[in-house]
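Below: the structure, in structure tokens.
The values are calculated or read from the model by the stated rules, or taken from the named source; none is laboratory data. All values reported here derive from a predicted model rather than from experimental measurement. Cβ coordinates were reconstructed from backbone atoms using ideal geometry, including for glycine residues, and neighbour counts include every protein chain displayed. Heads up: the accessible areas ignore ligands, DNA and RNA and are worked out on the full protein's heavy atoms, side chains in. Shrake-Rupley method; radii C 1.70, N 1.55, O 1.52, S 1.80 Å.
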Amino acid sequence: MERLSTGTSGLDRLLKGGFALRQINLVYGEASTGKTVLAMQSALGATARGFKVFFVDADLSFSVQRLESLDRGRELAENIVVFQPEDFREQTRITESLEVLLISRSLEQFLSTTVSSTGSWPIFPTSLQDSSLLSC
């Protein structure tokens with residue numbers, strides 16, 4: 001099974017190489033335990049492998065400055081598209097739209113959802129090098 005590194009060697013060992021591609025990976029934890037940083041590291045790892053990433057930030061904790069401070073963050077940030085829904089209905093609409101887009105184009109995909117007490121954020125890296133995806 002193909003894996004995507006979490007960016008943390010100890011966690012990658014526990015996950016037998018990282019997050020499984022083409023499967024749902026769930027990360028859950030209390031507030032301020034590193035879920036967003038883990039999601040950012042994984043997103044950067046995906047972009048380093050040539051994937052585009054759709055990052056749905058449901059609790060508005062995504063920070064461009066924090067992303068750019070991570071290893072290769074400034075270099076790879078342009079391949080990450082961030083959505084920040086204002087409520088659960090908008091989050092659902094965005095997630096369903098991305099899912100339909102990904103399925104309709106038969107793309108390789110990776111879905112990692114991190115959940116906190118205030119929301120969740122799916123990451124959808126794809127191997128498509130198509131700028132039309134940025135306009136969804």
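Structural remarks
- Candidates in region 19-62 are the residues that are of a type in the set (Ser, Thr, Tyr) and without any contact (Cβ under 8 Å) to a residue 24 or more places away in the chain; of these, the one that is least open to solvent (accessible area, probe 1.4 Å) is Thr33.
- Residue within region 1-18 that is among the hydrophobic types (A, V, I, L, M, F, W, C), in contact with a Ser or Thr (Cβ under 6 Å, 6 or more places away or on another chain) and open to solvent by 20 Å² or more (accessible area, probe 1.4 Å) present: no
- For first residues located in region 67-90 and among the aromatic types (Phe, Trp, Tyr), partners that are open to solvent by less than 100 Å² (accessible area, probe 1.4 Å) and lie 6+ apart or on another chain with Cβ distances below 6 Å form the pairs Phe83/Val56; Phe83/Ile94.
- As a summary of the residue check, Arg93 satisfies the conditions (1) over 14 Å from the mean Cα position of the chain (by Cα); (2) without any contact (Cβ under 8 Å) to a residue 40 or more places away in the chain; (3) not in a helix (DSSP H, G or I) except for the one numbered (3).
- Those residues of region 72-95 which are closer than 15 Å to Ala46 by Cβ and in contact with a helix residue (DSSP H, G or I) (Cβ under 7 Å, 6 or more places away or on another chain), in sequence order: Arg72, Gly73, Leu76, Ala77, Asn79, Ile80, Val81
- Residue-level check: of (1) out of contact with any Ser or Thr (no Cβ under 8 Å at 6 or more places or on another chain); (2) modelled with pLDDT of 50 or more, Ser135 misses just (2).
- Here Val100 meets the list (1) modelled with pLDDT of 60 or more; (2) within 19 Å of Leu21 (Cα to Cα); (3) touching a helix residue (DSSP H, G or I) at 6+ places or on another chain (Cβ under 7 Å) almost entirely, failing just condition (3).
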